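The block underneath contains the structure these notes are about, expressed in structure tokens.
The values are calculated or read from the model by the stated rules, or taken from the named source; none is laboratory data. For clarity, every value in this text was computed on a predicted model and none was experimentally measured. Cβ sites come from the backbone with ideal geometry, for glycine too, and all protein chains shown count toward neighbours. When the accessible area is computed, the model is the full protein with side chains, heavy atoms only, and any ligands, DNA or RNA have been set aside. Shrake-Rupley method; radii C 1.70, N 1.55, O 1.52, S 1.80 Å.
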Amino acid sequence: MYGKAALALVFAILILLVTYSIFIGTVDIRSYFLPLLPSPPPGAQPLCATGPPLKVYMYDLPRRFNVGMLNRKSTEQAPVTARTWPTWPRNSGLKRQHSVEYWMMGSLLFDGDGGDGRAAVRVFDPELADAFFVPFFSSLSFNTHGHHMTDPATEIDHQLQIDVLKILGESKYWQRFGGRDHVIPLTHPNAFRFLRPQINASIQIVVDFGRYPHVMSNLSKDVVSPYVHVVNSFTDDNHSNPYESRTTLLFFQGRTFRKDEGIVRVKLAKILAGYDDVHYERSVATGDNIKASSQRMRSSKFCLHPAGDTPSSCRLFDAVVSHCVPVIVSDEIELPFEDEIDYTKFSLFFSFKEALEPGYMVDQLRKFPKDRWIEMWRQLNAISHHFEFHYPPEKEDAVNMLWRQVKHKLPAVKLAVHRNRRLKIPDWWRRRK
């Protein structure tokens, strides 16, 4: 009897000790109960749990709405399949930066078994779908059909928009919620420009909100995407002393005459002139210039990202995959995946006022501690795969990150739908004084 009592007392004391150790953090309970979970790689940032993949129904649109624009000589009009999926053309130039629509469509066509870390899988029964994807390459359509807007060929882009809206308007699934659960990529600022108000309710994949009123596109319902980078990724960036090997302090190469916020580029050209360790060059994006820019980014500590025609540009993501610490000068920029990625761990931010103060930005960069720069460089190495677009899609690449963002938007879609069904005065709260 006494032996059992003593044993019970010892057991109780052990339980108390372990509980206390867990409470104060000296024992990680996961090491006892989850011993087979892999540890994250050094420098990797923990990302949100995803759960089961998003079930997406994709409309079967004729090729003229999507991949037919990649090869305009082809007369094939049947919807594309995984077997007939074309590769993105190598000589597409800057059209590539707006090709998010291509990679999202390809991710749904890929007929893997779903056990490869994909965040979304295609379903062929719309009744099973969580969301609906519209595979209209609206950005490529603008770039292909009358890019200069005054070209008569722009009417082709206009007609494609009319036709795709007709198809959607006849779909009971579009009608059901007014398109709120439909996903439409619109990464060029002029994509779907003729009829964009008619798709306001949908989940739009955009690169920023620079040209759109809040009622048309906003962070509460839409997804911010990275541009598809145009420089080659720095896959073997394993220099033993990366700080010293990058001899240029600050690098920028690109157009300097831009609209809206982009006027800051002309002002920065004057502010940054005369520094031996700053490379600020006006250029256009030819194949040779893109190659030169890639090499210079890899030899620079910091890469400047001033606003362009809109608050964001492809240059930011070229810097990320080049592991060149981005210096972002934009007062209104929105960034992709920001609920999962902390950009302050690998980027520096300056307001317009700070950047245009003579000597201030260069002085701050010259004084930036070497150890902090190396830590940012390591972070860039650890997170750059989230900004890569692949076919087939790869685990936690840009496409899967985008689908994960779409999944995050769906609860708000359901909330709006359910409230609209029962509210007699939908905007009653706005009428309160």
Can you name every residue in region 378-415 that is touching a strand residue (DSSP E or B) at 6+ places or on another chain (Cβ under 6 Å) and among the β-branched types (Val, Ile, Thr)? Val406
Quick one: Glu375 ticks every box in (1) over 19 Å from His182 (Cα atoms); (2) under 20 Å from the mean Cα position of the chain (by Cα); (3) assigned to a helix (DSSP H, G or I); (4) not basic (Lys, Arg) bar one, so which box is it? (2)
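Could you grab me the full set of residues in region 106-152 that are of a type in the set (Val, Ile, Thr) and out of contact with any helix residue (DSSP H, G or I) (no Cβ under 6 Å at 6 or more places or on another chain)?
Val121, Val123, Val134, Thr150
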Filtered residues of region 343-357 (kept if in a helix (DSSP H, G or I) and free of Cβ contacts under 8 Å to residues at least 40 places away in the same chain): Tyr343, Thr344, Lys353, Glu354
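Quick one: is Ser293 polar (S, T, N, Q), open to solvent by 50 Å² or more (accessible area, probe 1.4 Å) and either out of contact with any Ser or Thr (no Cβ under 7 Å at 6 or more places or on another chain) or farther than 21 Å from Thr187 by Cβ (or both)? Steps first, please.
Working: polar (S, T, N, Q): yes; open to solvent by 50 Å² or more (accessible area, probe 1.4 Å): no; either out of contact with any Ser or Thr (no Cβ under 7 Å at 6 or more places or on another chain) or farther than 21 Å from Thr187 by Cβ (or both): yes.
So Ser293 fails the test.
Being of a type in the set (D, E, K, R) and in contact with a helix residue (DSSP H, G or I) (Cβ under 8 Å, 6 or more places away or on another chain) is the filter here, so list the residues in region 177-208 that pass it. Quick ask: steps written out before the conclusion?
Taking region 177-208 and keeping what is of a type in the set (D, E, K, R), we get 180-181, 193, 196, 208.
Across region 177-208, the qualifying residues are Arg180, Asp181, Arg193.
Which residue out of Thr75, Thr87 is modelled with pLDDT of 90 or more, among the hydroxyl-bearing types (Ser, Thr, Tyr) and open to solvent by 60 Å² or more (accessible area, probe 1.4 Å)? Don't jump to the end; show me each part of the working.
Working: Thr75 fails: modelled with pLDDT of 90 or more.
Criteria check complete, one pass: Thr87.
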If we take region 187-286, then strands (runs of 3 or more DSSP E) inside it with 1 or more residues that are acidic (Asp, Glu) and buried (at least 18 other Cβ atoms within 10 Å of the Cβ) are none
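Please determine whether any residue of region 395-404 is at pLDDT below 95 and outside the structural domain of Val264 (by the TED database). Full working, then the answer.
The first filter runs over region 395-404 and keeps only residues at pLDDT below 95, leaving 395.
Next, from what is left, pick out any that are outside the structural domain of Val264 (by the TED database): 395.
Yes, region 395-404 contains at least one residue that is at pLDDT below 95 and outside the structural domain of Val264 (by the TED database).
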